[in-house]
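Heads up: the structure comes next, in structure tokens.
Bear in mind that the values in this text are calculations on the coordinates, not laboratory data. Note that the structure is a prediction, hence the values are computed from the model and not measured. Cβ atoms come from the backbone with ideal geometry, glycine included; neighbour counts cover every protein chain shown.
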Amino acid sequence: MQAVVLVGGLGTRLRPLTETIPKQLLPVAGVPMIERVLGQLALHGVDRAVLSMGYLPDAFVAAYPGGRIGGVSVSFAIEPVALGTAGAIRFAGHAGSIDETFLAVNGDVLTDLDVTALIDAHRSRGAEGTIHLTPVDDPTRYGVVVTDATGLVTSFVEKPEPGTSPSNNINAGTYVLEPSFLGRVPDAAMVSVEREIFPRMVHDRSLYAIVDSSYWIDAGTPQAYLRANKDILDATRTVSHPGSLIDRTLVLEGASVAASATISCSVIGRNARVGDGASIVGSVVLEGATIGDRASVTDAVIGPDAVIGADATLLDDCLIGASERVPERERRSGTARAA
Ligand code: GDD
Ligand code: MG
């Protein structure tokens, strides 16, 4: 089966990391998100995928020049301008000459969904589209979906106002679609599957959904990206990873950690260095980054080749961009800077 994987978003909620690295190339426990997404789809019979991209496309091509990711043969559909989620599926669908049932997935979703069961449910109902739903506590930052007892979608509301959500089941970002879906998308800039095409399919009674509560996370915010890493460290999600995982800390090849440093529930990336007396808690240190002596890093993501000065303090979902330098003794919380 063929899949379209949407990887063209700007990743605004993960800036400044995503100013140079597309979100789906950020590693989760040492493996780029896109490899985890495609590796999971391969388990369910996906053998070909079109990466639907617009933002920083060269980074993907450079990272996977052989055209294989996670055991799947991939081709790249590069949009001339951002087309929105539906426009992107249409563009990639035509690039991949899709003419039979296919999958479309949000490239920042990590899940153990039983994709085979989703496809079976789609076929047995004769649906035009079938969406994976997952229950969440706060649905306001997602697409909220209501179904009837047969699974027919009766309402799809993207990002409802707080307090107005008609359900706690949200669009989890994996769709089984018929080729007729492609014909529904106008050839125009910025067409949203969630705001335009799915509501029309609801009206036409051709959209179904099933709830599956297996592991699921949209890793597109700092908190969720850190959570996706920690879920593998503490075995909430059991998937493979490189390096050595001891006591909820994953140390990747070539990393050096001073004996006097304290590390807990964190990832130390390839060739990263952690100095004397440094403390790293609940954080992800990416490839080649340097953490200065006595620096304190808590719930933070340190970009590749960044240099954190001695005695600096980073906390509260702070993101440091690739090759960024944080001066000695500086304190940063979130993305705000406070000297
Ligand atoms: N090619 C392409 N072109 N890809 C895009 C574009 C575009 O114009 N816009 C967004 N994408 C990609 C993103 O890279 C991401 O992988 C995916 O489409 C979804 O975009 P996000 O920006 O991550 O959307 P979201 O997380 O706010 O909401 C979406 O996902 C939720 C579940 O995680 C929606 O589909 C919600 O309905 C859903 O609940
Ligand atoms: Mg997202």
Amide H contacts under 5 Å for ILE280, restricted to residues at least 5 apart in sequence or on another chain and with H modeled in the peptide plane, are THR262, ILE263, SER264, VAL297
For the chain, built as a Gaussian network whose Cα springs stay under 10 Å, the top-fluctuating residue of TYR175, TYR225, TYR142: TYR142
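For the range 1-102, what is one quarter of the convex hull surface built on the Cα atoms, given in nm²? Don't skip to the answer; put the middle values down first.
Working: hull surface 25.6 nm².
Spelled out: convex hull of the Cα atoms, projected over all directions, averaged, 6.4 nm².
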The chain, Gaussian network, Cα under 10 Å: of ASP99, ASP112, ASP137, the residue fluctuating most is ASP137
With a ≥ b ≥ c taken as the square roots of the eigenvalues of the C-alpha gyration tensor of the range 2-218, please select rounded if a/c is under 1.5 and otherwise prolate if a/b is larger than b/c or oblate if it is not? rounded
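Using Cβ contacts closer than 10 Å as the measure, can you line up LYS230, LYS23 from fewest to most?
Values: LYS230 20, LYS23 23.
So the ranking, lowest neighbour count to highest, is LYS230, LYS23.
Report relative contact order for the range 242-338 in percent, whole number only (criteria: Cα-Cα under 8 Å, sequence separation at least 6). Please list the in-between numbers first.
Details: 317 pairs, mean separation 16.8, N = 97.
Relative contact order of the range 242-338: 17 percent.
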So what is log10(I(q)/I(0)) for the range 242-338 at q = 0.14 1/Å, when the Debye sum runs over its Cα atoms only? -0.39
For the chain, built as a Gaussian network whose Cα springs stay under 10 Å, the top-fluctuating residue of VAL193, VAL267, VAL176: VAL193
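For the range 2-218, what does the relative contact order come out to in percent, with C-alpha contacts under 8 Å and a separation of six or more? Don't jump to the answer; show the numbers that get you there.
Values: 456 pairs, mean separation 52.1, N = 217.
Over the range 2-218, the number comes to 24 percent.
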DSSP bridge orientation in the chain - percent antiparallel, rounded to nearest 5: 40
